[in-house]
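Heads up, the thing below is written out as structure tokens.
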Amino acid sequence: MLTSLRTLPPRIYWGAWALAGGYNFLRAIFDVPLYMNFVFNAAHFGAWALLGLLVLPLIRRYPLRMHWRSWLFHLLLGGVTTQIDITLGHWLFAGLTTAFMDKTAYQLIFIAFQNCFHIGLLTYFGFVGIVQLNDALKLARRRDLQIAEHKTACVRAQLQSLKLQLQPHFLFNTLHAIGSLMHYDVATADRMLNRLSDMLRTSLRESDKPLVTLKQEISFIEAYLDIEKIRFEQRLAVEWAIPDHLQDESIPPFILQPLVENAIKYGVAPRADGGRIVIRAYARGASLLLEVEDDAPPQAAQQKGFGIGLSNTRSRLEALYGAAQELALVRSACGTIARISIPLRAPLRAAA
């Protein structure tokens, strides 16, 4: 009996039968004495609640379907259950009141059949409908949960794959630069190696987090830029334009690094005199905008589209925010701007 109620909470089950009995009681409240009315409905619907526990496993095992065998099965099961219920209800009613005192058991069964069988059979099919509707809703919710869990797992796997692609990308570049410096400037190579260690510690600490604060991301980018400044010496200038009130905003970890690397690679590195990049953040409506701008003139810029870093960044943003994000490259006479737009303080679609 208890397993029958596994997907139908007991309070809802017993409460539904009490509600049905209460409705039938109110329907005859002006036609029948209160005590007789109460005993009749308590006996019949109490019997229904108990019998329902017995037939509930059969209803679930052989649900009503659009097939004559299914209907025949439930007509037989419903007919037997209904007759047992109304007979038991009349017997209890007769024992607790003065009604049917002169009736034999056979006459009581016939009276019950004549007066209540049609209503009882409708009650049975109503019970079947409620049970199957409840089970269908439970199944739909379970399937929705499974689909959501599957999508979350896919997004998590996709994001992990993208992170694995991004992290070695700048790691190998930095190790190559350190290897070159070791031949003629050991002190600078050591300083670069220390900053790389800081970056890797931050990467390990934050790689499993779906979100970090903008302040934490800035700290990571500063370590990255220290390494790049060692490589480019005086050829790289950096300007920050991030207001204090936005530094507690949440963003995906390592989302700015590919934009900064892209600006240095295409806007600074190809030019003999180097260049300047500006990293800024600002709010516009319900969106947080992050920008990395270089000052390379159009004729000096070599980038023709999205490379691996920006493509992976776009894929991460799509997986995390869906249509509520944007990554764009905006070119002007003054340089190129890589711009990310994400919702302010918005939850992610799935945990990374």
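Odds and ends about this structure:
- Relative contact order, percent, the chain [alpha-carbon distance under 8 Å, six or more residues apart]: 12 percent
- Both the radius of gyration and Dmax for region 3-145 are 16.6, 59 Å, in that order, over alpha-carbon atoms.
- Per residue of the chain, the DSSP helices (runs of n ≥ 4 H) give a summed -39500 (n - 2.57) that works out to -21500 deg cm²/dmol at 222 nm.
- Measure of compaction for the chain (Cα Rg per 2.2 N^0.38 Å): 1.80
- Student exercise, the chain dipole from Lys, Arg, Asp, Glu Cβ charges, in Debye to nearest 20: 1100 debye
- Axial C-alpha extent at least 24 Å, average Kyte-Doolittle at least 0.0 - helices from the chain (DSSP): 10-27, 34-61, 68-96, 105-181, 214-232
- Computed over the alpha carbons of region 217-297, Rg followed by Dmax gives 13.0, 41 Å.
- Computed on region 1-116, with alpha-carbon pairs under 8 angstrom and 6+ residues apart, the relative contact order is 26 percent.
- Charge-dipole axis of region 3-145 as Lys and Arg at +1 and Asp and Glu at -1 on Cβ define it, positive-most pick from Gln107, Trp91, Leu53: Leu53
FYI, it's all coordinate maths here, none of it is from the lab. Since this is a predicted model, take the numbers as computed values, not measurements. All Cβ positions, glycine included, derive from the backbone under ideal geometry; neighbour counts span all protein chains shown.
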